[in-house]
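**Student:** This is the structure I have questions about; it appears just below.
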Amino acid sequence: MDPDFLKLYEQIKNHTLVDIYRCHELWSLAKQVGDVEGDVLEVGVWRGGTGAILASAVRDFPDKQVFLADTFKGVVKAGQQDTRYTGGEHSDTSRDIVSDLMETVSLGNTTLLQGIFPDDTQHIVPSKIAMLHCDVDVYSSSKDIVDWCLPRLSVGAIMVFDDYGFFGCEGVTKLCNELRNTRGLRFMHNLNGHAVFVKFAN
Ligand SMILES: C[S@@+](CC[C@H](N)C(=O)[O-])C[C@H]1O[C@@H](n2cnc3c(N)ncnc32)[C@H](O)[C@@H]1O
C-alpha cells in the first residue's frame, strides 16, 4: 500500500468503522478524480476517518472541496428494507470530534455539514460532484442521496457505497442493485464490501 496512505491510516484508524482495505480503495479512487469536474461529498462521516482519507487524497487538487455530511445523531430513515438498523445507531460522535481530526491532520479543504443530507444541507454543496462516498447503512437514506447526486455527477465521477453485500445492510445492497441498470453508469462489486459506480456518459 501507498506509504502516504499508511501514515495517514495510523492517524485516523481510531476514527473509522471502515477496514484498511476499503479505506485504501477510497484513497486510491479519490486520487483519480483530480481532472473530474466538481467536488467530493461524503455522507456518513461518524468520527471522520474516511472523510479524512478522502480530503487527504485530494489535497493537491486546489479546486476540490470535500463536503462531509452527518446528522451527528446517528442513522436516519431506517425502514422495512433494512434488516438490522432501526435508527439512531452510530450517534457516538460529534461535530467537534470531526473538526478536531481535520485540524490534527491539517486538512483545510473540508466543510462539515450537520443535519440530514440532502434534506437539511444540500443547499451548501455546489452543483457538480466528482466523487460520492455514501456510508449511511440504510435504503431510504442512500436512495435520497443518490437521487440528489445522479443529476449532478460529472462524466468520470465515482460513487462508492459502503456495506454492499454485508449482512445487516440488505437495504444498501438492494439500492445498489437497483442502480446497476442506470444508463451511463458502470458497476463494480469489490468483494470487500464496496459497490463502485463510475459515470462514463450522460
Ligand atoms: C457507519 S457510520 C459512517 C462511518 C464512517 N464513514 C467511518 O469512517 O467510520 C454512518 C453514519 O451515517 C450518518 N447518517 C446516516 N444517514 C444520514 C443522512 N441521511 N445524512 C447525514 N448523515 C447520515 C450517521 O449519523 C452515522 O454517523
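**Student:** Of the residues Ser142, Ser99, Ser127, Ser106, which is within 15 Å of the ligand (Cβ to nearest atom) and open to solvent by 30 Å² or more (accessible area, probe 1.4 Å)?
**Tutor:** Ser99
**Student:** Another question, if that's okay. Out of (1) buried (at least 22 other Cβ atoms within 10 Å of the Cβ); (2) within 11 Å of the ligand (Cβ to nearest atom); (3) over 15 Å from the mean Cα position of the chain (by Cα), what's the single condition that is false for His90?
**Tutor:** His90 satisfies every listed condition except (1).
**Student:** Going through Lys77, Lys73 one at a time, which residue ends up being open to solvent by 40 Å² or more (accessible area, probe 1.4 Å), within 13 Å of the ligand (Cβ to nearest atom) and either touching a helix residue (DSSP H, G or I) at 6+ places or on another chain (Cβ under 6 Å) or touching a residue at least 40 places away in the same chain (Cβ under 8 Å) (or both)?
**Tutor:** Result: Lys77 is the single residue among Lys77, Lys73 that is open to solvent by 40 Å² or more (accessible area, probe 1.4 Å), within 13 Å of the ligand (Cβ to nearest atom) and either touching a helix residue (DSSP H, G or I) at 6+ places or on another chain (Cβ under 6 Å) or touching a residue at least 40 places away in the same chain (Cβ under 8 Å) (or both).
**Student:** Please count how many residues of the range 180-198 are of a type outside the set (Gly, Ala, Ser) and over 23 Å from Cys23 (Cβ atoms).
**Tutor:** Adding up the residues that qualify gives 5.
**Student:** Conditions first: (1) farther than 22 Å from Gln32 by Cβ; (2) over 18 Å from the mean Cα position of the chain (by Cα); (3) open to solvent by 10 Å² or more (accessible area, probe 1.4 Å). Gly168 passes all but one, so which condition is the exception?
**Tutor:** (3)
**Student:** Taking the criterion of being open to solvent by 40 Å² or more (accessible area, probe 1.4 Å), within 14 Å of the ligand (Cβ to nearest atom) and farther than 19 Å from Thr93 by Cα, would at least one residue in the range 45-54 satisfy it?
**Tutor:** No, that holds for no residue.
**Student:** Go through (1) more than 10 Å from the ligand (Cβ to nearest atom); (2) surrounded by fewer than 24 Cβ atoms within 10 Å (Cβ to Cβ); (3) under 18 Å from Val45 (Cα atoms); (4) of a type outside the set (Asp, Glu) and name the single condition Gly156 misses.
**Tutor:** Failed condition: (3).
The values are calculated or read from the model by the stated rules, or taken from the named source; none is laboratory data. Please read these numbers as outputs of a predicted model, since none were measured by experiment. No Cβ is skipped: glycine too gets one built from the backbone with ideal geometry, and neighbour counts run over all protein chains shown. All accessible areas refer to the heavy atoms of the entire protein, side chains included, with ligands and DNA or RNA removed. Shrake-Rupley method; radii C 1.70, N 1.55, O 1.52, S 1.80 Å.
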